[in-house]
Amino acid sequence: MATDQVLLFVAAGLLLNLTPGPDVLYIVSHALRSGARAGIVAAMGITAGCFVHIFAAAVGVSALMAASVTAFTVLKWAGAGYLVYVGLRLLRAASDAPASLGAAPQEATAYRTIFLRGFWTNALNPKVALFFLAFVPQFIAPSVQDKPLAFLLLGLLFNFNALWVNVGWAAAAAWLARRSVLVQHSMRWLDRVAGALFVGFGIKLALDAAPQP
């Protein structure tokens, strides 16, 4: 592939990753509450979930899913239900005792839970699969002979760059939490806002129509 194509792909991917969405919200909310390490673990979970769709798209599974209304609908409802679940957990946390801002989870199982929830947030979202199917092929020239391999390599490059952008979001949120009195006194309200947004993301995903074959 031409170097200018790869550089354009990297630039476009970075711009997309800098745009706030459910992934960024998940990472920032954990970094604000429990520090940079929790946010980075959340970012790693999000990245791992993307790997599922990258490999599936490279071998054609995602394309088959996109063409099947039934498969898309099943995965869509699973993803929507999970986003709503995450939102309700945040709303419940906001109604519990005041959060200890910046206090890291005390057990490795807590980090594992953060990782797995981030993983499933992406892995169960069919819109992530459709994104890779729509975005990556634009940067693969018709002259490329091994298109699945090119897709896989570009997908891995996108995910690698996304990980460092997400780590940056985690570090910035943790830095802000340590230095902003407003954030420290508003953590419960931030949890409520994040929870409501996740519920909204889940409802929006549930209402999205399946792609036309």
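Read-outs throughout are calculated quantities, based only on the coordinates presented, and are distinct from any laboratory measurement. Small disclaimer: the values here were computed from a predicted structure and weren't measured. Cβ placement follows ideal geometry from the backbone for every residue including glycine, while neighbour counts extend to all protein chains displayed.
Could you tally the net charge around A36, taking each other residue with its Cβ under 15 Å from the Cβ of A36, Lys/Arg +1 and Asp/Glu -1?
Local net charge: +4.
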Within straight cross-link reach of K204, meaning Cα distance under 25 Å, which lysines are found once same-chain residues fewer than 8 apart are removed? K76, K127
I need the peptides 49-55, 156-162 ranked by packing, meaning the mean over residues of other C-beta atoms within 10 angstrom, with the highest value on top. 49-55, 156-162
Can you sort I114, I203, I27 by how many other beta carbons sit within 10 Å, fewest first? I203, I114, I27
